[in-house]
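Below is one structure, written out as structure tokens, with a few remarks after it.
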Amino acid sequence: MPITKLNIDEFIQRANSLILLDVRSPGEYEHAHIPGAYSLPLFTNEERKVVGTAYKQESREKAIKIGLDYFGSKTVKLIEEVEKLIAEKKVGKEVGVHCWRGGMRSAAIAWLLDLYGFKVYLLAGGYKAYRNYAIQQFFKAYELRIVGGYTGSNKTGVLSELKKRNEKIIDLENLALHKGSAFGNLDLHAQPSQEMFENLLAAELEKHNADNTNTIIWLEDESQRLGNVNVPLPFFQSMRSCPVLFLNIPFEERLKHIMVDYGKYSKEKIINAIVRIKKKLGGLETKNAVNFILEDDLINCFSVLLKYYDRLYLKNTYKREEAEKKITLLDLISVDAKINSEKLIQHVYNKQYV
């Protein structure tokens, strides 16, 4: 079977039916990769460095000879790894292969797998072509609806309920592994790189926009920065220009929800998070919040913090251009995600936005 070269659009269309193989080095893959791709490195990190040095300091021919020497000893292992993947996924013997720019690494693996009997699709332009494709997703027009509300409104729970009702949602906090505030990573999850976060977001946008319809995509109202990553500016600007449905929930209800969400963490973690916002929170309020924690008075501690985040959120919410026209308050009595998601759906699909 001949090796088939695909451009990025063709490659993306076929991606769900293929085992995607990223043959770059482990370090390149770990930094960022096409979501769903498996790492099948032709070279280790050190081997890639040796080949690259030979290419720059000696000659292309010398680098190829060194690379072939590495490659020759790995051919059986590489085939067996692909066979194992196909057996685990219970799919046919069709694979997509790419390296950085669609050069010698992917060509070598494609040749090997084709020789063995796999149907091979090669991404023209490699991962670099995918990155250009991913970045373009952030400039497209989407029909977005933003779920707003003060801290503790259970907006993430609402997104989850919307998904259960077959609505299209993108959970930015889940992609970033961060909830966006000083308290956003108390579980100490390692966040993806900025590049990987963008790839994950691009994949979600492509998935939701694949049918080329103007179906609504729901997102939680977020700041541009989520821990160590940023929502790409073009897409963030789109978010800020879209209608916001503000879940207006009583303070006490939100405080109870915050207690459940954050009360499980150690005093040390909570105090460290409080100290991180000391400058904005103010010396007195910081001292009060920390003392409340030390005295096991979680209610008063989180009450101080919730009032601070309410002020901050209100300020950022109304920074939008023509904010009054874009923000709709929905007065709700609790943080019940199922009930509130139903309210959102009823409101949006019974109202025509201009």
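Of the residues making up region 156-171, none is free of Cβ contacts under 8 Å to residues at least 24 places away in the same chain and among the hydroxyl-bearing types (Ser, Thr, Tyr).
Taking the conditions exactly as written (among the acidic types (Asp, Glu), outside any helix (DSSP H, G or I) and farther than 24 Å from ALA141 by Cβ), does ASP296 satisfy them or not? Yes, satisfied. Within the option set ILE327, ILE274, ILE339, being touching a residue at least 24 places away in the same chain (Cβ under 8 Å) and surrounded by fewer than 18 Cβ atoms within 10 Å (Cβ to Cβ) holds for one residue only, ILE327. Does region 121-140 hold any residues that are within 23 Å of ILE3 (Cα to Cα), in a loop (DSSP other than H, G, I, E, B) and hydrophobic (A, V, I, L, M, F, W, C), and which are they? The answer is ALA124, and nothing else.
Residue selection: LYS163 satisfies the criterion of being out of contact with any helix residue (DSSP H, G or I) (no Cβ under 8 Å at 6 or more places or on another chain), surrounded by fewer than 17 Cβ atoms within 10 Å (Cβ to Cβ) and in the same structural domain as THR215 (by TED's automatic domain parsing). Checking each residue in region 1-18 for being of a type in the set (Lys, Arg) and either part of a loop (DSSP other than H, G, I, E, B) or modelled with pLDDT of 95 or more (or both) picks out only LYS5. Scanning region 6-50 for residues that are farther than 17 Å from LYS128 by Cα and aliphatic (A, V, I, L, M) gives LEU18, ILE19, LEU40, LEU42, VAL50. Would you confirm whether or not region 329-338 contains a residue that is acidic (Asp, Glu) and assigned to a helix (DSSP H, G or I)? No; the residues of region 329-338 include none that is acidic (Asp, Glu) and assigned to a helix (DSSP H, G or I). Quick test for you: out of LEU233, LEU247, LEU201, LEU186, pick the one residue that is modelled with pLDDT of 95 or more and surrounded by fewer than 20 Cβ atoms within 10 Å (Cβ to Cβ). Every option except LEU233 fails the conditions.
Cβ-Cβ distances below 7 Å connect the following pairs, each with a first residue in region 65-81 that is within 11 Å of ILE109 (Cα to Cα), a second residue that is surrounded by fewer than 17 Cβ atoms within 10 Å (Cβ to Cβ), and a separation of six or more residues or different chains: ILE79/TYR116. Working only within region 19-49, note down all residues that are within 21 Å of the chain's Cα centre (by Cα), in a helix (DSSP H, G or I) and surrounded by 15 or more Cβ atoms within 10 Å (Cβ to Cβ). The answer is GLU28, TYR29.
The residue pairs whose first member lies in region 232-245 and is of a type in the set (Phe, Trp, Tyr), whose second member is surrounded by fewer than 19 Cβ atoms within 10 Å (Cβ to Cβ), and whose beta carbons are closer than 7 Å, counting only pairs six or more residues apart or on different chains, are PHE236/GLN224.
The values are calculated or read from the model by the stated rules, or taken from the named source; none is laboratory data. Bear in mind the structure is a predicted one, so any value in this text is a computation, not a measurement. No Cβ is skipped: glycine too gets one built from the backbone with ideal geometry, and neighbour counts run over all protein chains shown.
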